[in-house]
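Read through the structure below, which is laid out as structure tokens, and then see the notes.
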Amino acid sequence: MNLVREEARRTKRRQQRESVVAKTENHNVSASQSLEDAELRNAVDTLSEELREIVIARVWGELTLAEISNITGHSIATTHRRFEQALSQLRNQLSEKRPHSGAHDGTK
């Protein structure tokens with residue numbers, strides 16, 4: 001019973017954070033920025049709920065990893081590892097959608 005309540009609370013908190021972020025977005029952006037934002041939102045949406053919650057809390061909610069670990073109930077180390085995992089997944093997804101320019105491949 002407690003697990004059900006905790007999950008409901010967690011979902012409600014996540015939805016509240018996401019709605020706050022959505023309300024504060026600047027809607028006066030250029031078309032290219034808007035496209036990039038849409039690509040990023042789509043990539044974030046493909047993350048698991050757990051990873052998505054951490055990314056949104058850290059990047060848009062500007063919470064520390066310690067604050068996020070308190071919210072999620074995981075250790076700071078686990079929260080950090082999952083945040084890094086999410087960033088890696090986002091980098092991979094976004095790099096697949098963009099042509100490679102060679103600027104960041106480490107060659108001179």
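None of the figures in this text is laboratory data; all of them are computed from the coordinates on show. It should be emphasised that the depicted structure is a prediction, and the values quoted were computed from it without experimental measurement. Here the Cβ positions follow ideal geometry from the backbone for every residue, glycine too, while neighbour counts run over all protein chains shown.
When region 56-100 is examined, which residues are found to be β-branched (V, I, T) and under 11 Å from the mean Cα position of the chain (by Cα)? First the steps, then the outcome.
Residues of region 56-100 that are β-branched (V, I, T), as a first pass: 56, 59, 64, 68, 71-72, 76, 78-79.
Passing the criteria: I56, V59.
Report, by residue number, each residue of region 60-84 that is within 17 Å of Q15 (Cβ to Cβ) and part of a helix (DSSP H, G or I). Show your work before the answer.
Keep residues of region 60-84 that are within 17 Å of Q15 (Cβ to Cβ), which gives 60-61, 63, 68, 71-72.
Within region 60-84, W60, I68, I71, T72 meet the criteria.
If the Cβ limit is 7 Å and pairs must be 6+ apart or interchain, which residue in region 47-59 that is on the phi < 0 side of the Ramachandran plot and part of a loop (DSSP other than H, G, I, E, B) pairs with which residue that is surrounded by fewer than 19 Cβ atoms within 10 Å (Cβ to Cβ) and polar (S, T, N, Q)?
From region 47-59, the pairs are L47/Q89.
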